[in-house]
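No value in this document is a laboratory result; all are computed from the given coordinates. Source: prediction; values computed, not measured. For neighbour counting, all protein chains shown are included, and Cβ atoms are generated from backbone atoms with ideal geometry for every residue, glycine included.
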Amino acid sequence: MGINVGGLDRILRAVVGIVLIALTLMGTIGAWGWIGVVPLFTAAIGWCPAYRLFGMNTCPMKKT
């Protein structure tokens, strides 16, 4: 399980996750906003199972 989520992607996921959770806590969008935990978690660990399933990778290649 390697990192497959790049820097900008991680930032966007974190922002979306935080916004969804905040809107839920404010009572704006209801319980569905707790789905924001998923992008927040994938941003934190840098790995997305959906990216692996579809063969995607937004993380720049490591140079050896």
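Approximating the spin labels as points 7 Å out from Cα along Cα→Cβ, the V37-to-L12 distance works out to 2.5 nm. Kirkwood hydrodynamic radius of the chain, from the reciprocal of the average inverse Cα-Cα distance over all distinct pairs: 12.4 Å. Working note: Karplus 6.51/-1.76/1.60 with θ = phi - 60° gives the stretch 29-44 the couplings 10, x, 5, 4, x, 5, 5, x, 5, 5, x, 5, 5, 5, 5, 5 Hz, where Gly and Pro are set to x. Over the chain, DSSP H runs of length four or greater, each weighted -39,500 (n - 2.57), average out per residue to a 222 nm ellipticity of -16000 deg cm²/dmol. Along the Cα→Cβ direction, 7 angstrom out, place labels at T28 and F54. What is the inter-label distance in nm? Each label point is offset 7 Å from its Cα along the Cβ direction, giving 2.6 nm.
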